[in-house]
Amino acid sequence: MADGQPGAMQAVSGGHDHSHAKLAARGRNWPGPWRKTPGRVFGTTLVRLYQLTLSGFIGNSCRHLPTCSEYAHEAIARHGLWAGGWMGLFRVSRCGPWGTHGIDRVPEELAPRYRWFTAWRYREVGRVGRTCDRG
């Protein structure tokens, strides 16, 4: 069928170009730009170590998208080890059988009320919009 015409090869492959292979090579964690400070590198390395070792034994049981480890990786990369670590910890605590589910993205920027000395407020980051804000 491939007789040198431009559309001949497309007809053989079913009409699409298999460009989805590029998506699989990207990896599972957030690919965006982030400052490589020692705390962020340490935190994201711990999350990646978990993903490569323990995650396979625990199973694929996360009720959110992105998964809890992907969320923690992105939160640490975007907001640093302290804020991102707390956000990841509270996200894991929401992922139980009676917890939340669905799409839960890491915010690009945190509101001014989330200060380093008010760590308990990070539990509200993924729940804003679903429940009342308890300011």
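The values are calculated or read from the model by the stated rules, or taken from the named source; none is laboratory data. Since this is a predicted model, take the numbers as computed values, not measurements. Note that we place each Cβ from the backbone using ideal geometry, even for glycine, and neighbour counts take in every protein chain shown. For the accessible areas, the whole protein counts, side chains as well, though only heavy atoms, and no ligand, DNA or RNA atoms are used. Shrake-Rupley method; radii C 1.70, N 1.55, O 1.52, S 1.80 Å.
One table, with the values for the structure above:
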| item | result |
| --- | --- |
| Some residue of the range 18-28 being open to solvent by less than 90 Å² (accessible area, probe 1.4 Å) and modelled with pLDDT of 75 or more | no |
| Residue list for the range 91-120, filter: within 18 Å of residue 40 (Cα to Cα), of a type in the set (A, V, I, L, M, F, W, C) and either open to solvent by 20 Å² or more (accessible area, probe 1.4 Å) or over 13 Å from the mean Cα position of the chain (by Cα) (or both) | 110, 116, 119 |
| Residue tally, condition open to solvent by less than 100 Å² (accessible area, probe 1.4 Å) and touching a residue at least 24 places away in the same chain (Cβ under 8 Å), over the range 29-45 | 9 |
| For residue 87: the one exception among (1) in contact with a Phe, Trp or Tyr (Cβ under 7 Å, 6 or more places away or on another chain); (2) open to solvent by 10 Å² or more (accessible area, probe 1.4 Å) | (2) |
| Every residue from the range 90-121 that is touching a Phe, Trp or Tyr at 6+ places or on another chain (Cβ under 8 Å), of a type outside the set (Gly, Ala, Ser), touching a residue at least 12 places away in the same chain (Cβ under 8 Å) and more than 25 Å from residue 58 (Cα to Cα) | 114, 116 |
